[in-house]
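Heads up: the structure comes next, in structure tokens.
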Amino acid sequence: QVQLVESGGGLVQAGGSLRLSCVASGSIGTINGMGWYRQAPGKQRELVADIGRDGSTNYVDSVKGRFTISSDNAKNTVYLQMNSLKPEDTAVYYCYAVLTLIGHWGQGTQVTVSS
């Protein structure tokens with residue numbers, strides 16, 4: 001059984017910062033890649049950023065230059081540093097991990113950015 005547990009969400013004013021963390025535990029096997037998705041009310045879930053086993057990263061255009069994804073494979077953890085937050089970043093953020101070629105989701109953490 002695999003668990004992904006997110007933390008670090010909350011309420012912040014526009015221009016502020018938050019750091020999300022996601023720890024994978026259980027029968028992890030090989031970490032093929034990890035990432036963050038988000039879903040705002042009434043919208044589809046979208047990829048925010050992901051990081052591969054080789055450290056390669058990918059970002060949605062709307063967060064480039066503001067968000068940074070990183071990982072610590074020794075701790076089975078992925079982070080999302082979010083700076084210069086905007087009200088349109090408000091969403092539930094979900095951790096996603098591909099572990100031994102199987103995808104897993106976290107339960108989500110709410111990020112709310114006030115104007």
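What follows is calculated from the coordinates using simple rules that are stated; it is not laboratory data. Quick caveat, the model's predicted, so the values are computed rather than measured. Quick reminder, even Gly has a Cβ in these numbers, built from the backbone with ideal geometry, and neighbours come from all protein chains shown.
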ask   = Is any residue of region 62-84 close enough, with backbone N under 11 Å, to a label point placed 7 angstrom from the Cα of residue 46 along the Cα-Cβ axis, and if so, which?
value = 62-64
key: Local net charge near residue 23, Cβ-Cβ under 13 Å (Lys/Arg +1, Asp/Glu -1)   = -1
message = Between residue 102 and residue 58, what is 0.36 nm times their sequence separation minus the Cα-Cα distance? Round to one decimal in nm.
response = 13.9 nm
query = Considering only DSSP beta bridges whose two residues both sit in the chain, what percent are antiparallel, to the nearest 5?
reply = 90
note = Using the Kirkwood formula on alpha carbons, the hydrodynamic radius of region 12-59 in angstrom works out to 13.1
query = About its Cα centre, what dipole magnitude does the chain give when the only charges are +1 on Lys and Arg Cβ and -1 on Asp and Glu Cβ, stated in debye to the nearest 20?
reply = 100
query = Rounded to the nearest 0.05, what FRET efficiency do residue 27 and residue 112 have when you use their Cβ-Cβ distance and R0 = 30 Å?
reply = 0.35
task = Considering Cα pairs under 8 angstrom that are at least six residues apart, work out the relative contact order of the chain and quote it in whole percent.
result = 37
note = If the label point sits 7 Å along Cα→Cβ of residue 66, residues of region 88-115 with amide N under 16 Å come out as 88-93, 111-115
